[in-house]
Structures are given as structure tokens and as C-alpha cells.
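Written below as C-alpha cells is the structure these notes are about.
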Amino acid sequence: MAEKSIMTENKDDAEQILDVIVKTLDDGKAQDVVVMDLQGKTSIANYMVIASGSSNRQVASLADNIQLKLKEAGFKSTAEGKEKADWVLIDAFDVIVHIFRPEVREFYSIEKMWSSVAQIRSAAN
């Protein structure tokens, strides 16, 4: 399957990428998964997903699995922070994913920073 690149014009691609990410986080037992709808608010992405892993190992594993599942679905992604795995950022172009250890997530408080711009929903809903 040919990999899709950079920001897509197709809203369905963004939704498909988001679905792959949320399902993979759920399957990997990520905690406190939040989806932020950024459509029409910023040009960086359509969605931002924030999740926690209970340990560095789980954070790294969640990131690896997301990248694997995206590749299997034909989408490209890049990641930063997997070496230390306190906070891994995955850029899937239409969707940006932040996976934190809980104390690091609390310290940086990404949800609070974006709450004035984005519509925030729990991925469980």
C-alpha cells in the first residue's frame, strides 16, 4: 500500500489516522486518552491526542505500536523522545500524539495550554 504523506486535504484520512491511533492506545491500555479537535483552529494538525503510559516502557511501546499500525494502514509518521520515553511526540501530519508518563503530563499540562482553542473530548466517549 502506498504511504500517504504530509498534511492531507482529505478529512477522511485525518479521521482514519485518528481512529488507528485511538484504537492502538486503547489496545495498549493507555490511560486518560484525550482527543482535541483542532480543525479550523490551527494549521499544524486536525487533531491532537494526549495519553499517559504508566512507565517509560509502556510509553515507548505505545509509540512503537502507533507507528507500526499507521504504517500498516499506509500512513507516515515521525516520532521524537522514544529514547528517554518520558514524553514521546508522534507527528502523523493530520494528527499529533503526545504520550507522557503521568507526572510529566501533569508538569507540562498540554490540555490546559490548548483548552482555549480546542474542543476536548475523552477518547472513551
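State all residues of region 60-87 that are within 10 Å of the chain's Cα centre (by Cα) and either within 19 Å of LEU38 (Cβ to Cβ) or acidic (Asp, Glu) (or both); if no residue qualifies, say none. Listed by number, the list holds a single entry, ILE66. Criterion first (over 22 Å from SER115 (Cα atoms) and among the aromatic types (Phe, Trp, Tyr)) does PHE75 satisfy it? Criteria met by PHE75.
In this structure, does VAL34 turn out to be among the aliphatic types (A, V, I, L, M) and more than 17 Å from VAL22 (Cβ to Cβ)?
no
Looking only at residues in region 37-89 that are among the β-branched types (Val, Ile, Thr) and without any contact (Cβ under 8 Å) to a residue 40 or more places away in the chain, the one that is nearest to ARG105 (Cα to Cα) is VAL88. The criterion of at least 2 residues that are among the β-branched types (Val, Ile, Thr) is met by the following helices (runs of 4 or more DSSP H) wholly inside region 21-125: 56-72.
If we scan region 117-124, do we find a residue that is within 19 Å of ASP27 (Cα to Cα), surrounded by 13 or more Cβ atoms within 10 Å (Cβ to Cβ) and at pLDDT below 95? Taking every residue of region 117-124 in turn, at least one turns out to be within 19 Å of ASP27 (Cα to Cα), surrounded by 13 or more Cβ atoms within 10 Å (Cβ to Cβ) and at pLDDT below 95. Look at (1) surrounded by fewer than 20 Cβ atoms within 10 Å (Cβ to Cβ); (2) modelled with pLDDT under 95 and you find that ASP94 fails only one, number (1).
Of the numbered criteria (1) out of contact with any helix residue (DSSP H, G or I) (no Cβ under 9 Å at 6 or more places or on another chain); (2) of a type in the set (A, V, I, L, M, F, W, C); (3) surrounded by 13 or more Cβ atoms within 10 Å (Cβ to Cβ), the one PHE107 fails is (3).
The values are calculated or read from the model by the stated rules, or taken from the named source; none is laboratory data. The shown structure was predicted, so the numbers you read here are calculated from the model rather than taken from an experiment. Here the Cβ is made from the backbone with ideal geometry for all residues, glycine too, and neighbour counts use every protein chain on show.
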